[in-house]
1. Here are some residues: Ser47, Ser11. Which one is over 28 Å from Asp106 (Cα atoms), loosely packed, with under 14 Cβ neighbours inside 10 Å and out of contact with any Pro (no Cβ under 6 Å at 6 or more places or on another chain)?
2. Would you mind finding the one in Thr194, Thr164 that is exposed (fewer than 10 other Cβ atoms within 10 Å of the Cβ) and either more than 21 Å from Ile132 (Cβ to Cβ) or of a type outside the set (Lys, Arg) (or both)?
3. Kindly indicate which of Gly82, Gly14 is touching a Phe, Trp or Tyr at 6+ places or on another chain (Cβ under 9 Å) and either on the phi > 0 side of the Ramachandran plot or free of Cβ contacts under 8 Å to residues at least 12 places away in the same chain (or both).
4. Return the residue satisfying two criteria in turn: it lies in region 72-90 and is farther than 15 Å from Gly123 by Cα and loosely packed, with under 10 Cβ neighbours inside 10 Å, and of such residues it is farthest from the chain's Cα centre (by Cα).
5. Would you confirm whether or not region 164-183 contains a residue that is assigned to a strand (DSSP E or B), within 25 Å of Val79 (Cα to Cα) and not hydroxyl-bearing (Ser, Thr, Tyr)?
6. Return a yes/no flag: does region 23-40 have any residue that is charged (D, E, K, R), more than 30 Å from Pro176 (Cβ to Cβ) and outside the structural domain of Leu148 (by TED's automatic domain parsing).
7. Output the residues belonging to region 108-165 that are closer than 15 Å to Asp84 by Cβ, free of Cβ contacts under 8 Å to residues at least 12 places away in the same chain and of a type in the set (Asp, Glu).
8. Scan region 29-38 for residues that are part of a loop (DSSP other than H, G, I, E, B) and free of Cβ contacts under 8 Å to residues at least 12 places away in the same chain and report the count.
Amino acid sequence: LPKHVTCPNCSGSGAAPGSQPETCPQCHGTGQVRHSQGFFQIAMPCSTCQGTGQVIKKPCPRCKGQGIVEERREIVVRVPAGVDTGTRLRVRGEGEPGEHGGPPGDLYVVLHVEPSKKYERQGQDLIYTCEISFVQAALGHRVEVPGLKGPLPLDIPKGIQSGTLLRLKGEGMPYPGRSNRGDLLVEVKVLTPTRVSDKQAELLREFERLESESPLDKVKNLGKKLSKKMGLD
């Protein structure tokens, strides 16, 4: 980044090498001049030395008497794990230099975290969408979901509904400066088939018929099937 640093030629004094700033002859080093107005005296900054109390008769050729020069520097900043957009990192002593050779200020680095293509982030929790079929939702299934450290096994319970959130504790983003982590939330999305074969359609209709039967009808149908098998019908 471009930044101002103390001039290496004059060490921030603004005077050419081999010379020193001199006491201002106008204010005698006080940096102020007084003007009388009747019974009152008003102190104002000295126009000769701009209130510094010193004048530079031989300015430094590199910084032109300013005591600072601009240069580009590369600064390495360590980013803690788990930070989010808006986090400010403070780098001590890497700000602008103080006046007249004073100590430099600090540099603040404001972070912007690029959004993930895989996860949605809510604080330290992560949300991952897992797509499963209608059959897997009905019968249950074991899947692998991508974790930050590698694949994670996850059991999908029978009869799960689309939009259900399953929680994997401690598999989310770490909290900066702490040992604990957020959670990984897996949002289950049940896919409805857009094309079915004749055989699949027949099975789905049979499934719908069985679902629509009352408990009494199911008992009667079961009794008929048993009677038929035993030769009683």
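The values are calculated or read from the model by the stated rules, or taken from the named source; none is laboratory data. Since the model is a prediction, treat every value here as computed from it, not as a measurement. For neighbour counting, all protein chains shown are included, and Cβ atoms are generated from backbone atoms with ideal geometry for every residue, glycine included.
1. On the way: Ser11 fails: over 28 Å from Asp106 (Cα atoms).
One residue alone meets the criteria, Ser47.
2. Selected residue: Thr194, the only one of Thr194, Thr164 that is exposed (fewer than 10 other Cβ atoms within 10 Å of the Cβ) and either more than 21 Å from Ile132 (Cβ to Cβ) or of a type outside the set (Lys, Arg) (or both).
3. On the way: Gly14 fails: touching a Phe, Trp or Tyr at 6+ places or on another chain (Cβ under 9 Å).
Testing whether each residue is touching a Phe, Trp or Tyr at 6+ places or on another chain (Cβ under 9 Å) and either on the phi > 0 side of the Ramachandran plot or free of Cβ contacts under 8 Å to residues at least 12 places away in the same chain (or both) leaves just Gly82.
4. In this case the residue turns out to be Arg72.
5. Filtering region 164-183 for residues assigned to a strand (DSSP E or B) gives 165-168, 174, 181.
From the residues that got through so far, the ones that are within 25 Å of Val79 (Cα to Cα) too are 174, 181.
From what is left, the residues that are not hydroxyl-bearing (Ser, Thr, Tyr) are 174, 181.
Checked region 164-183: at least one residue is assigned to a strand (DSSP E or B), within 25 Å of Val79 (Cα to Cα) and not hydroxyl-bearing (Ser, Thr, Tyr).
6. Initial filter on region 23-40 (charged (D, E, K, R)): 34.
Now restrict to residues that are more than 30 Å from Pro176 (Cβ to Cβ): 34.
Cutting the leftovers down to outside the structural domain of Leu148 (by TED's automatic domain parsing) gives us 34.
Yes; the residues of region 23-40 include at least one that is charged (D, E, K, R), more than 30 Å from Pro176 (Cβ to Cβ) and outside the structural domain of Leu148 (by TED's automatic domain parsing).
7. Glu114, Glu120
8. In the first step, residues of region 29-38 are kept if they are part of a loop (DSSP other than H, G, I, E, B); the result is 29-31, 38.
Then drop every residue that is not free of Cβ contacts under 8 Å to residues at least 12 places away in the same chain, which leaves 38.
The number of residues fulfilling the criteria is 1.
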